[in-house]
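The values are calculated or read from the model by the stated rules, or taken from the named source; none is laboratory data. Everything numeric in this text was worked out from a predicted model, so none of it was measured. Here the Cβ is made from the backbone with ideal geometry for all residues, glycine too, and neighbour counts use every protein chain on show.
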Amino acid sequence: MTTANLNIFDRLSSHRDAPTQMLDHMVEHFREARSPMELFEALKMRIRNQLGLPLVTSENEPSRPEDVERQLEVGLLDACREAGTMLIEEGKVGEGWMYLRPTGDTKLAKDLISKIEITEENYDEMIQVLLHEGIDVARGYQTVLDQQGTCNSITLYEQALANRGKDDQQTAARCLLNHLHSELTELVRGDIARREAPAGEDESLAEMIEKRRWILADGGYHLDTTHLSSTVRIATVLEDDDSLRKAWDLTQYGRRLDHQFQYPGDEPFVDFYPAYTAFFAILLGENIDAGLKVFERKARSVDTVEHGTAAVETYVDLLDRIGRHQQAIDTAIELAPKELPPQRIVPMLIEVAQRATESGENGGWDSILEYCQKHNDILGYAAVIHAAGRA
């Protein structure tokens, strides 16, 4: 037993008749000793003492008044925050986040973890917290890209991020797109420099291959073509112009690949690169009407029983994203399959109507209410009335 521990026992013993001071000494002892788990237990005992509860919990504790429960909860969350902070500062990221999670303070966790270098030893733990726990998706996913490569990163996206919230999807998709676009651009530049005069620094990927049709002749390619097609597909969740332009660049490269590398997609992107070219061009404000006609034709002709509702959803999404909100609502209502439960479509319609209202349109609330009434969706009807009132 260390001298410090002997001293703490003496100090605790000297306050036998003053439990508050005794517990204060114990808390300070564990703070100074940097013992986060013991500190948590000490803080927990102190808050229980402050509330007039036994220091040690028992199986048959009586129910407590609501205000006592609330104060106990606040005290425990403060204890979690202090212990979690100390653990992360010591590099114990997984354990620290276990304590911080109940507080919901993801910003604190992100700030603390940002100071810790990702190493071979803590890689799995850091990726678990940063990426899978959502503390810093950008840093976590970029690390996977840098250390595990494009193939593993695409697999990870499909398995762990494709069904996450929009922000997480966009964060990871942007990392992947920037990574592959940069890699492909440098490979094409290098190829050009080896075979003729170097390309101009201001030439984009699309411009380089447009001016040099020979660059993809005879079945040539510069990187794994399955990675290219996966990145183009994943990039559809992105909305900023820079990302949309990079995604469009990739489609220009892809559509010039030999036919054996032009893999078919799912509806409405069976004709993969031409369809995605039109998709990104619409969002960039180019050839809008011609592109929309392609997707409208798909939305109206693709069998939803055989191929699902992706063609309809894509067309509606495009209308919404370019600001044609009322048309998006009308189209969704018109083309929604009869067997589709209204609960599947009404939340999306509400979101579009809210964006329409924000942009100064009437929001299309009446048509959504009519749709709910027609399909006997009482819950949806109430939700639409409430959302319209808030808008």
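Look at the stretch 247-260: where a residue is within 11 Å of LEU205 (Cα to Cα) and a partner is part of a loop (DSSP other than H, G, I, E, B), sitting 6+ places away or on another chain with Cβ atoms under 8 Å, you get ALA247/LEU238; TRP248/LEU284; ASP249/SER204.
Considering only the stretch 312-362, state which residues are closer than 19 Å to ALA290 by Cα and outside any helix (DSSP H, G or I). Answer for the stretch 312-362, where residues must be closer than 19 Å to ALA290 by Cα and outside any helix (DSSP H, G or I): ILE322, GLY323, ARG324.
Quick check on GLN159: is it under 28 Å from GLY134 (Cβ atoms), in the same structural domain as VAL129 (by TED's automatic domain parsing) and without any contact (Cβ under 8 Å) to a residue 12 or more places away in the chain? For GLN159, the condition - under 28 Å from GLY134 (Cβ atoms), in the same structural domain as VAL129 (by TED's automatic domain parsing) and without any contact (Cβ under 8 Å) to a residue 12 or more places away in the chain - is met. Scanning the stretch 363-390 for residues that are under 30 Å from the mean Cα position of the chain (by Cα) and outside any helix (DSSP H, G or I) yields GLY363, GLY364. Can you name the condition, by its number, that TYR99 falls short on among (1) more than 20 Å from the chain's Cα centre (by Cα); (2) more than 28 Å from MET37 (Cβ to Cβ); (3) hydroxyl-bearing (Ser, Thr, Tyr); (4) buried (at least 19 other Cβ atoms within 10 Å of the Cβ)? Going through the list (1) more than 20 Å from the chain's Cα centre (by Cα); (2) more than 28 Å from MET37 (Cβ to Cβ); (3) hydroxyl-bearing (Ser, Thr, Tyr); (4) buried (at least 19 other Cβ atoms within 10 Å of the Cβ), TYR99 breaks only (2). Total residues in the stretch 276-287 satisfying the condition of being over 21 Å from ALA310 (Cβ atoms) and either hydrophobic (A, V, I, L, M, F, W, C) or assigned to a helix (DSSP H, G or I) (or both): the figure is 1.
Table: residues versus (1) out of contact with any Ser or Thr (no Cβ under 8 Å at 6 or more places or on another chain); (2) modelled with pLDDT under 95.
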| site | (1), (2) |
| --- | --- |
| HIS179 | no, no |
| ARG189 | yes, no |
| ASP202 | yes, yes |
| LYS211 | yes, yes |
| ILE215 | yes, yes |
| ASP218 | yes, yes |
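Selection of the stretch 128-177 for residues being basic (Lys, Arg) and in a helix (DSSP H, G or I) yields ARG139, LYS166, ARG174. For the stretch 37-82, a tally of residues being of a type in the set (Val, Ile, Thr), within 19 Å of MET22 (Cα to Cα) and surrounded by fewer than 16 Cβ atoms within 10 Å (Cβ to Cβ) returns 2.
Residue-by-condition table, conditions (1) in the same structural domain as THR171 (by TED's automatic domain parsing); (2) among the β-branched types (Val, Ile, Thr); (3) surrounded by 18 or more Cβ atoms within 10 Å (Cβ to Cβ); (4) within 28 Å of GLY165 (Cα to Cα):
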residue: LEU238; (1), (2), (3), (4): yes, no, yes, yes
residue: SER243; (1), (2), (3), (4): yes, no, yes, yes
residue: GLY254; (1), (2), (3), (4): yes, no, yes, no
residue: PHE269; (1), (2), (3), (4): no, no, yes, yes
residue: PHE272; (1), (2), (3), (4): no, no, yes, yes
residue: ALA275; (1), (2), (3), (4): no, no, yes, yes
residue: LEU283; (1), (2), (3), (4): no, no, yes, yes
residue: GLU286; (1), (2), (3), (4): no, no, no, no
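Exactly one residue out of GLY134, GLY104, GLY149, GLY140 is small (Gly, Ala, Ser) and touching a Leu at 6+ places or on another chain (Cβ under 8 Å): that is GLY140. In a helix (DSSP H, G or I), in contact with a Lys or Arg (Cβ under 8 Å, 6 or more places away or on another chain) and in the same structural domain as LEU87 (by TED's automatic domain parsing) - does that describe any residue in the stretch 37-57? Yes, the conditions are met somewhere in the stretch 37-57. Selection of first residues in the stretch 190-210 that are under 12 Å from HIS222 (Cβ atoms) and of second residues that are modelled with pLDDT of 90 or more and of a type in the set (Ser, Thr, Tyr), restricted to Cβ pairs under 9 Å at least 6 apart or on distinct chains, gives the following pairs, ordered by first then second residue: LEU205/THR185; LEU205/TYR253; MET208/THR185; ILE209/TYR253. Only one of (1) surrounded by fewer than 17 Cβ atoms within 10 Å (Cβ to Cβ); (2) closer than 23 Å to ILE282 by Cα fails for ARG344. Which number is that? Condition not satisfied by ARG344: (2). Tell me which residues, restricted to the stretch 193-211, are surrounded by fewer than 20 Cβ atoms within 10 Å (Cβ to Cβ) and either in contact with an Asp or Glu (Cβ under 8 Å, 6 or more places away or on another chain) or part of a helix (DSSP H, G or I) (or both). Residues satisfying the conditions are ALA193, ARG194, ARG195, SER204, ALA206, GLU207, GLU210, LYS211.
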